[in-house]
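J.: Below is a structure I'd like to ask you about.
Throughout, read-outs are computed from the coordinates displayed, never taken from laboratory work. Every value quoted in this text rests on a predicted model; they were computed, and no experiment measured them. Positions of Cβ are backbone-derived with ideal geometry, glycine not excepted, and every protein chain shown enters the neighbour counts.
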Amino acid sequence: MKNIPEIENLVKLISKLPGLGPKSARRIILKLINNRSELIRPMLSSLNDLYKNISRCQSCGTLKSSLSGCNNCENTEKKYSKICVVEDISDQWSIENSSIYQGYFHILGGTISSSNNPRNEDLLIDSLVKRVVNDKIEEVIIATSATVEGQTTAFYIQDKLKDTKVAITKLAQGLPVGGEIENLDDGTLVSAFKNRHSLNEKKD
Ligand SMILES: [Zn+2]
């Protein structure tokens, strides 16, 4: 399959995806070519929809469709008094799967000073403060990972929220050092939630 530019270009693109190298890319492409109408055509249309409609919600940071709105902060019937702050959407999925938490989520989309170096305003921390005030939130649970960057981010958030009356808690130190939320098993996650500790005394 060498030297066919259409194929080589796609090999390069697919190899950029997580967990896929050139070898798997070639296997995928072969499968696609052998199933043009069942795979390539619907995939083109799906990718096109994805490109056109899916973007990051500027309020809570999750992915949303411009057609149906944000499931995190627009399409919720229930009102919650808690927001759980996570680094990535995959962290939200892990926490939801463990069923330990009922409340809103806020997805930072990274950490302060992490290698991909998002600017602090990209982490939607100002919008977190706004949500806390507007939604009358009583507790912010910081569930950033137990890495240096995750902890730095937690302190930064705590500082930004100091003028609100919200209680700030952080997942228990049972998290393994360097532990990223999405890699934790349910048991560890549940106990980290149950044993979360306060970062501030609630001001009344
Ligand atoms: Zn949202």
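J.: Nearest-5 percent of antiparallel DSSP beta bridges in the chain? List each step's numbers first, then the result.
T.: Details: 6 of 18 bridges.
Once the DSSP bridges in the chain are tallied, antiparallel ones form about 35 percent.
J.: Further question on the same structure: How big is the Cα convex hull of the range 82-198 in projection, averaged over all directions, in nm²? It would help to have the intermediate numbers written out before the result.
T.: Details: hull surface 25.4 nm².
Average of the hull's projected areas for the range 82-198 equals 6.4 nm².
J.: Could you tell me how many degrees, from 0 to 90 and to the nearest 10, lie between the Cα long axis of helix 41-53 and the main elongation axis, the longest principal axis, of the Cα atoms of the chain?
T.: Helix 41-53 sits roughly 30 degrees off the main axis of the chain.
J.: Charges only on Cβ, +1 for Lys and Arg, -1 for Asp and Glu: so what's the dipole of the range 82-198 about the Cα centre, in debye to the nearest 20? Numbers along the way, then the final one.
T.: Details: 11 positive and 17 negative charges, 106 e Å.
Rounded to the nearest 20 debye, it is 500 debye.
J.: Less than 17 Å apart at the alpha-carbon level, and either on another chain or at least 8 residues along: which aspartates and glutamates does that give for Lys23?
T.: Leaving aside aspartates and glutamates fewer than 8 places away in the same chain, those within reach of Lys23 are Glu6, Glu8.
J.: How long, wide and thick is the chain, going by the Cα atoms along their three principal axes, in whole angstroms, largest first?
T.: 69, 37, 32
J.: On to the next question. Find how much the distance from Lys130 to Gln151 grows on full extension, using 0.36 nm per residue of separation minus their present alpha carbon separation; answer in nm with one decimal.
T.: Values: separation 21, 0.36 × 21 = 7.56 nm, distance 2.19 nm.
Extra length available between Lys130 and Gln151 comes to 5.4 nm.
J.: Rounded, prolate or oblate: which fits the range 5-53 when a ≥ b ≥ c are the square roots of the eigenvalues of the alpha-carbon gyration tensor, with rounded for a/c under 1.5 and prolate only if a/b beats b/c?
T.: Working: a/c = 2.03, a/b = 1.29, b/c = 1.57.
Since a/c reaches 1.5 but b/c is at least a/b, the shape of the range 5-53 is classed as oblate.
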